[in-house]
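Everything below concerns the one structure shown next.
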Amino acid sequence: MNKNIITIAMLLCSTASSYAMTTVNLDEHDFTCNQVKLTQKSTETEITDNCTVVKIYHRQNGIEGRNPSRTQGGGADITQMTTPNQEIVLDKIHFYDDSHRELVCSFEHNKIEKCKTEAKKEPNSTKKE
């Protein structure tokens, strides 16, 4: 019985690792949503309007981990306040492109920081004939 549990656990671990996501530069690949090519300059709106099965994860932080939603009220609350230019807005968007490839892109202030995908496709620019 214990050998079966260990074997199943090892199989699950090897299966999970085979689906590791790789960071990609969208400019070097042919990812499209609704026939609109995705680039490193694509916005959150372009992705949410054109891609399928879109899930957005939103987080807002102040600098040095301070909470920008604290209200001013004296004591520690005042020292924890941040000004709007110190706030960092982070979004992570999970979606699928036209070819049903899964992507996860991280945004900071509506600009792509990085995108990851399971696709191990070669970039368009390196194809040789």
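The values are calculated or read from the model by the stated rules, or taken from the named source; none is laboratory data. Since we're looking at a predicted model, the values are computed, not measured. Note: ideal-geometry Cβ built from the backbone for every residue, glycine included; neighbour counts use all protein chains shown.
General observations
- One residue stands out among those in the range 112-124 that are in a strand (DSSP E or B) and touching a Lys or Arg at 6+ places or on another chain (Cβ under 8 Å): the one that is modelled with the lowest pLDDT, which is ILE112.
- Selection from the range 37-48 of residues that are surrounded by fewer than 16 Cβ atoms within 10 Å (Cβ to Cβ) and among the aliphatic types (A, V, I, L, M): none
- Of all residues in the range 46-75, exactly one satisfies the criterion of being hydroxyl-bearing (Ser, Thr, Tyr), at pLDDT 90 or above and within 14 Å of the chain's Cα centre (by Cα), namely THR48.
- Checking every residue in the range 79-87 against the condition of being in contact with a strand residue (DSSP E or B) (Cβ under 9 Å, 6 or more places away or on another chain), under 22 Å from THR117 (Cα atoms) and either at pLDDT 75 or above or of a type in the set (D, E, K, R) (or both) gives zero matches.
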